[in-house]
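Here's the structure we're looking at; comments come further down.
Read-outs: derived from the displayed coordinates by stated rules, not from any lab. Just so you know, these numbers come straight off a predicted model, no measurement behind them. As a convention, Cβ positions derive from the backbone with ideal geometry for all residues, glycine included, and neighbour counts pool all protein chains shown.
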Amino acid sequence: MTDGKPSRSTRAIYPGSFDPPTNGHLDVIERAARCFGELVVAIVVNPQKRSPMFSLDERVSMLKESIAGVPNTRVEHFRGLLADYVKASGADVIVKGLRVVSDFESEMSAALMNRSLSNVDTFFLMSDQRYSFVSSSLVKEVFFLGGDVASLVPEPVLRSMAVKRTQLHDSRT
Ligand code: PNS
């Protein structure tokens, strides 16, 4: 921060499960990367309350490939509390996307909790309206039931999902 304002040297953390990354995530990453000097896309190793479908390595690869052309970005991962990771990495702000009003309800408490634990504020970007209905869980459900999600995920993610579908199919036969 410079005089309380985001500056080109501000380090921002965009945390998430990214199981898998979607075009909604990519849109937030591209827009946030233009606002901050450095944007770290941080994958939580073990998402709360559920096991990820994609391993950490798979999520790292999908994200790295998907954001290869976006300047000032890199991919990291963390375990445990986001607030601890944010403090340890010397980040200035957390970035989150907001799709719908129900996101706001949970994100407001998370932002206040994270600020009370780390003294780091959360900056919210409104999701682009094209992606307001897109979530990783819906994308997985639609894809694995045979629906077309090609317009909803980056190309490297579509490829990985096809591989995963084959692996899951083979393991069941
Ligand atoms: O993509 P998601 O699943 O919506 O991301 C949620 C995430 C990773 C941002 C959140 O679950 C998180 O911060 N997890 C780390 C554990 C933690 O700090 N919990 C308290 C949050 S206030």
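Over the chain, DSSP H runs of length four or greater, each weighted -39,500 (n - 2.57), average out per residue to a 222 nm ellipticity of -14000 deg cm²/dmol. The ranking of PHE133, PHE143, PHE123, PHE18 from fewest to most other beta carbons within 10 Å of each one's beta carbon is PHE133, PHE123, PHE143, PHE18. Expressed to the nearest 5 percent, the antiparallel share of DSSP beta bridges inside the range 1-156 is 5 percent. If a spin label sat at a point 7 angstrom from the Cα of ASP128 along the line to its beta carbon, the backbone N atoms of the range 7-26 nearer than 12 Å would be those of 23-26.
Which shape class, rounded, prolate or oblate, goes with the range 1-141 when its Cα gyration tensor gives a ≥ b ≥ c as root eigenvalues, a/c under 1.5 marks rounded, and past that a/b bigger than b/c marks prolate? Verdict is rounded for the range 1-141. Helix 56-66 axis versus longest C-alpha principal axis of the chain: approximately 80°, rounded to the nearest ten. Neighbour counting of Cβ atoms within 10 Å sorts the residues ASP19, ASP121, fewest neighbours leading, into ASP121, ASP19. Projecting label points 7 angstrom from Cα along Cα→Cβ for SER106 and ALA68 puts them 3.2 nm apart.
From least to most packed, judged by other beta carbons within 10 angstrom and beginning with the fewest, THR173, THR122, THR166, THR22 follow the order THR173, THR166, THR122, THR22. Quick check: residue separation of SER9 and SER151 times 0.36 nm, minus the Cα distance between them. What number comes out in nm? That pair, SER9 and SER151, stretches by 47.8 nm at full extension.
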